[in-house]
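This report refers to the structure that appears directly beneath it.
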Amino acid sequence: MTNLMKNPNFTDYGEGWTREAASGGNVTAGGLADNPCYEAWNNANFDIYQVVENAPMGVYRISVQGFYRYGRTAFQSFLNGDYYTTKETCPVFVYMNANQTPFTNVYGDPVQITDAEFYSGSNDATSETLSDGTTVYFPNGMQSASIAFSAGMFTQSAYGLVAQKGDLMRIGVKGSSNQLNDSWSIWDNFKITYCGYRADVVQPVLEQAIVDAENALNSAIGKDVVAQLQSALDAARNAIAGGDGNEMFKALTALFAVQEAVTASKAIFAELTAANEQLANAISSAVASADIINEANTLNATINDGIENHLYADTDVPGLIEQIKIMINRLGIPREMDLASDSNPIECSTIIINPAYVDGDDHGWTGGAAVNATANDAEKFNTNYNYFQLLQGLPEGTYRVVLQGFYRAGSAVNDYTSFTADPNADSNAFLYAAVGEDTVSVAMHRLASQALVMETLPDGWLYCDEAGMLAVPNSMTTAADAFNTPNDNNEMLYSNNNVVVKVGADGKLVIGLKKDVQITDDWTIWTNWQLFYYGKNSTLEPSGNALSIDALNAGNVVSAEVFTVNGTRVSGLQKGVNIVRETLSDGTIRVRKVSVK
């Protein structure tokens with residue numbers, strides 16, 4: 001029944017297909033003119049599909065030729081069975097309605113090509129040498145993929161249902177191919193086979209669905225989804241025992257219907273599993289007291305047990321992740337915190353997650369800064385922002401938040417002109433600390449404020465005042481050089497942006513950077529977040545200008561991240577089930593499922 005589709009072989013390239021794709025790499029039709037195909041390279045979330053109307057009720061098999069390549073040189077990873085290289089972990093799927101089947105890996109087709117001339121009609125094939133010395137050839141571009149598809153290679157299928165008269169049949173390929181920034185998927189030649197709903201037709205499909213559901217029961221999913229899945233499984237087993245085709249069809253419909261909930265739950269629990277692994281890593285490097293470390297070990301073990309034995313529902317996960325985040329902060333509390341005073345402040349920067357960007361990213365922070373992995377600094381360019389981290393579980397008392405960095409008001413020359421005319425003008429970037437609705441802040445150092453006299457201009461620096469030979473950094477790496485350069489007082493340049501704040505009994509503190517006013521080409525860059533504790537009885541008063549930026553009203557959503565059910569981050573809500581992770585202004589994380597029809 002392939003004639004129900006339009007352009008199933010991409011002979012007319014993308015004609016008849018709906019293309020949805022996140023920003024990123026190539027998602028288009030192409031290849032050899034006598035056998036075009038469709039590809040998705042380095043794209044975070046794509047869905048290429050068409051909708052068939054008025055198809056008869058029953059079971060359908062959707063076949064397509066296609067494969068997925070993890071990165072570009074992943075042959076050894078495939079041999080090792082690494083994540084993303086097995087069929088079970090492939091992030092690209094052929095699907096019909098709610099049911100989907102992952103693609104095979106480019107190296108995993110049963111047919112292995114050892115003929116060097118097989119791909120001679122293309123210029124983009126590749127080869128690998130096996131341990132026995134045999135050279136095997138694989139498609140590595142649209143032309144060689146066209147040749148492989150013409151030879152009947154890489155065929156796979158998905159089963160789907162039209163459960164009721166009038167139901168639509170949505171057929172396509174979806175997933176993500178942005179792993180390692182160079183992954184790739186390509187497909188061709190859809191075929192629809194109508195299998196009806198007779199007992200002899202439905203039973204093998206239902207038996208496979210039962211196997212898939214039983215495997216899902218061994219996955220990390222919520223207890224509420226487990227209950228749905230178990231109920232559908234019981235009905236399916238009973239239907240097979242009864243032998244009635246209509247009952248088996250109903251049972252298959254129920255199993256397929258719960259699959260979407262299973263996929264969404266897997267994504268939610270994957271996030272919990274990752275958070276608990278972060279907790280385990282934090283325990284191994286903890287500086288906290290033995291009591292806190294023991295609490296952390298208990299929490300880590302309890303959550304592991306809960307995941308393994310399906311003790312948590314999907315709705316429990318946000319609260320568990322928040323407990324983990326609090327515990328990770330507490331593990332960074334130095335053992336000697338009780339000795340802190342105004343004359344003996346205790347540095348407790350270990351409470352901050354990723355304070356100096358040494359891993360080359362900004363994990364732990366909300367607001368999405370660009371990070372230089374070599375210079376270990378972060379930046380925001382030509383944009384407004386609110387960039388912050390919630391710290392929880394802190395001892396009550398007085399803290400000083402310190403940051404190294406600067407703000408450039410427009411170009412370097414504009415910044416110098418503005419600063420020398422009025423040092424307080426155009427200072428739009430603020431370091432802040434917030435406790436509940438109380439916010440203190442201070443304007444960041446201006447770039448021009450610590451310009452250096454340089455007779456010879458090094459690469460990556462420029463003059464903000466050429467006549468005076470006053471030079472400033474103009475890149476992330478040269479900013480890092482400046483951050484490691486002492487001034488006349490033997491302090492590093494652009495250091496000691498700081499505010500003092502008092503933390504209450506709830507132990508919550510938000511630290512961050514904020515800018516609400518934009519000047520073309522303005523630039524903020526920073527590193528080395530620090531936190532110092534002065535004790536519960538400090539006489540220091542909160543510093544900075546509390547009116548410089550608006551207070552962060554508790555309960556407001558300050559940022560939201562959207563993920564597909566496969567865990568891929570996307571730019572906005574997509575059709576189907578979305579996992580939305582919201583950060584509230586008090587730092588609370590809220591995870592919810594949003595369905596878009």
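The values are calculated or read from the model by the stated rules, or taken from the named source; none is laboratory data. Please read these numbers as outputs of a predicted model, since none were measured by experiment. Because the Cβ atoms are built from the backbone with ideal geometry, glycine has one as well, and the counts that use them run over all protein chains shown. What goes into the accessible areas is simple: the full protein's heavy atoms, side chains included, and nothing from ligands, DNA or RNA. Shrake-Rupley method; radii C 1.70, N 1.55, O 1.52, S 1.80 Å.
If you check THR134, THR193 for being open to solvent by 40 Å² or more (accessible area, probe 1.4 Å) and either more than 30 Å from ASP305 (Cα to Cα) or charged (D, E, K, R) (or both), only one passes: THR134.
Of all residues in the range 475-491, exactly one satisfies the criterion of being modelled with pLDDT of 95 or more, open to solvent by 70 Å² or more (accessible area, probe 1.4 Å) and not in a helix (DSSP H, G or I), namely ASN484.
Scanning the range 362-418 for residues that are under 19 Å from LEU462 (Cα atoms) and without any contact (Cβ under 8 Å) to a residue 40 or more places away in the chain yields THR417, SER418.
Just one of the listed residues (ASN238, ASN140) is open to solvent by 20 Å² or more (accessible area, probe 1.4 Å) and within 14 Å of VAL106 (Cβ to Cβ), namely ASN140. Taking the criterion of being within 11 Å of LEU513 (Cα to Cα) and modelled with pLDDT under 95, the only residue of the range 368-383 that qualifies is ALA369.
Out of curiosity, is LEU462 aliphatic (A, V, I, L, M), more than 30 Å from GLU322 (Cα to Cα), open to solvent by 10 Å² or more (accessible area, probe 1.4 Å) and part of a strand (DSSP E or B)? Lay out the reasoning, then the answer.
Working: aliphatic (A, V, I, L, M): yes; more than 30 Å from GLU322 (Cα to Cα): yes; open to solvent by 10 Å² or more (accessible area, probe 1.4 Å): yes; part of a strand (DSSP E or B): yes.
Yes: the conditions hold for LEU462.
When the range 51-70 is filtered for residues that are within 25 Å of PRO36 (Cβ to Cβ) and surrounded by fewer than 21 Cβ atoms within 10 Å (Cβ to Cβ), the ones remaining, listed by number, are VAL51, VAL52, ARG61, SER63.
Residue count for the range 307-344, restricted to those that are more than 23 Å from the chain's Cα centre (by Cα), in a helix (DSSP H, G or I) and either buried (at least 17 other Cβ atoms within 10 Å of the Cβ) or aliphatic (A, V, I, L, M) (or both): 4.
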